[in-house]
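Note sheet for the following structure.
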Amino acid sequence: MSEQTVIKAINKQGFKQKMKAYMKRPGSFILLILVLLAAITTVGVLGTLVGYILINGLPYLKPSLFAWTYNSDNVSMMPAIINTLIMTAISLLISVPFGMGAAVYLVEYAKKGNKLVGIIRVTAETLSGIPSIIYGLFGMLFFVTTLGWGYSILAGAFTLAIMVLPVIMRTTEEALLSVPDSYREGSFGLGAGRLRTVFCIILPAAVPGILSGIILAVGRIVGETAALIYTAGTVAEASGSLFASGRTLSVHMYTLSREGLHTDEAYATAVVLLLIVMGINWFSGFLAKRISRG
């Protein structure tokens, strides 16, 4: 018998033993069924959603949708793709350093039992649940009106950075807390200072968790609509300046579907948006594996 056949036989026998154990305890068996149903339902809903978008969008992907300039005939999404990439990059450049810095302070430098730490954590969790339109109104009043930036890429990027900052901070904090204290003790025992320990030992070990938070932030940035309508505007042109207005892919898709004249092109835009998010997630996961192996 080959090694694979033996492994399959062992796994099959172990599965049968587990099922017999579950059958002896009706409560455990019922919980098992409920968990399996929940998993199947979740995967089924996700697969149905992705399949619906692909079926309705793929047939309408055509070269004219990727023209460099937008007009009422081609309704090109290329300017929106460029604006989306610019918006995502600027938002992450603002939010990631501040979010990671705040998390490092809360975990590594703040004293245990500090009341300020508790207030910061409660505030971050509260901000994570605020609707995005509230952030949009704040961005319009502060960045667009008070600072005089107008409807611009920069105003939208700063608004999104504030929006995703709590997510990055909380996920980074949890990633740092998951690093064993033995790492810190070993580094201190070898004579390293706190700063070197944080940057050379703790942060590299927490990279997979930190990247998970950044992935969540990217997904929210790319899929945001309400906040950007109030801050970045809906101009269908590639932004030549950070102080120029421009629409992202999500706003482009919303505008097309709202008008009702280009519903098929809106589905095609949804396909591209889905592929971009999946590509970013794959690249982040690949990067996290490479860093953890290294």
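The values are calculated or read from the model by the stated rules, or taken from the named source; none is laboratory data. Only a predicted model underlies this, so the values are computations on that prediction, with no experimental measurement involved. Heads up, the Cβs are rebuilt from the backbone with ideal geometry, glycines too, and the neighbour counts pull from every protein chain shown. In case anyone asks, the SASA skips ligands and DNA or RNA and just uses the protein heavy atoms, side chains included. Shrake-Rupley method; radii C 1.70, N 1.55, O 1.52, S 1.80 Å.
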| field | Top positive-direction residue, dipole computed over the stretch 52-164 with Cβ charges, set GLY150, ILE86, LEU106 | value | LEU106
| note | With every protein chain kept in place and a 1.4 Å probe, the residues VAL144, VAL43 fall, from largest accessible area down, as VAL43, VAL144
| field | Length released on extending from ARG290 to LEU216, taking residue separation times 0.36 nm less the Cα-Cα span | value | 24.7 nm
| remark: The extension gain from VAL43 to PHE98, computed as 0.36 nm times the residue separation minus the Cα-Cα distance, is 16.3 nm
| said: I need the helices of the chain that pass two filters: whole DSSP H segments spanning 27 Å or more by Cα along the axis, and mean Kyte-Doolittle score no lower than -0.5. | reply: 26-57, 78-104, 153-177, 263-293
| Could you give the accessible area per residue of the stretch 81-194, probe 1.4 Å, as a whole number in Å²? | 51 Å²
| request: Would you mind telling me the share, in percent, of accessible area of the stretch 65-112 contributed by carbon and sulfur at probe 1.4 angstrom? | output: 71 percent
| said: Could you give me D for the chain, from Stokes-Einstein at 10 °C and 1.306 mPa s, where the hydrodynamic radius is the Kirkwood radius over C-alpha pairs? Units µm² s⁻¹, please. | reply: 71 µm²/s
| Dipole of the chain, Cα-centred, from +1 at each Lys and Arg C-beta and -1 at each Asp and Glu C-beta, to the nearest 20 debye? | 1520 debye
| Extension reserve of the LYS62-THR146 stretch, reckoned as 0.36 nm per residue once the Cα distance is removed | 26.0 nm
